[in-house]
Amino acid sequence: MFAIVAFWPRYLVQPSGKDIRFHIHAAAMGAWCALLITQSFLIRAGNRSLHRRLGQLAYLVGPAVSLSILVLNHHQSQTREITDFRLWLFTSNIGDGVLFFVCWALAMMHRETPAVHARYMICTAVTFIPPVFDRLFLRYALTSQTRNILPTVGGQTFTILPSFVMVFGVLAVLAWWDTRTAKQPPVFQPMFVVFAIFYAAP
């Protein structure tokens, strides 16, 4: 729902005229979100058989998400002047694609351990928080006064910082919940560190 609101004005309302890479990226991201939601409901309903059959799509859609991020990022870097901020954005987007792939790969590696598998799948959704909520914060929350107190990168206000804070807030809550309820090895605690490395690297 947040993604629909975030991408409504500049893409969903006016998709015509956009480069095909935007459509492929949107289709991959939308398919992954739909798959996550559907699979969660199937588990909730106890329909594990259909969950496993439908889960085969994850082997196609997961890599497609990462590949679409990298392809679109490369396309956009070819059409815009490379400033310090654009260079940060370029490397950050590469990190996003790789981070999603890491979460997806770990989820698929642990598909025979449902509780661990589910937690890594949650992590794939957490990677979507910055691109979605950065747009929402920019449009509805960040005032000019708020922007003045944010740091800058290459002369551009680092408006994505609140979204990063949100990511680590979500992971911290999940890690706390994990320590109270989980019987398997922790997932969200080490993933908190993994996300921090990827976000700090660019």
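Here are some notes:
- Using alpha-carbon coordinates, inclination of helix 58-78 to the longest axis of the chain, degrees: 10
- Principal-axis tilt of helix 188-200 within the chain, Cα atoms, nearest 10 degrees: 20
- Shape annotation for segment 19-200: C-alpha extents along the principal axes are 51, 40, 27 Å, from largest to smallest.
- Gain in span if fully extended, residue 81 to residue 113, counting 0.36 nm per residue against the direct Cα distance: 6.9 nm
- For the pair residue 200 and residue 21 in one chain, pulling the backbone fully straight at 0.36 nm per residue adds 61.7 nm over the alpha carbon distance.
- For the chain, the longest principal axis of the C-alpha atoms and the axis of helix 84-109 are separated by about 0°.
- Cα centroid separation, segment 61-139 to segment 37-52 (Å): 25
Readers should treat all values here as calculations from the given coordinates under stated rules, not as data from a laboratory. Given the structure is predicted, the values throughout are model-derived calculations rather than measurements.
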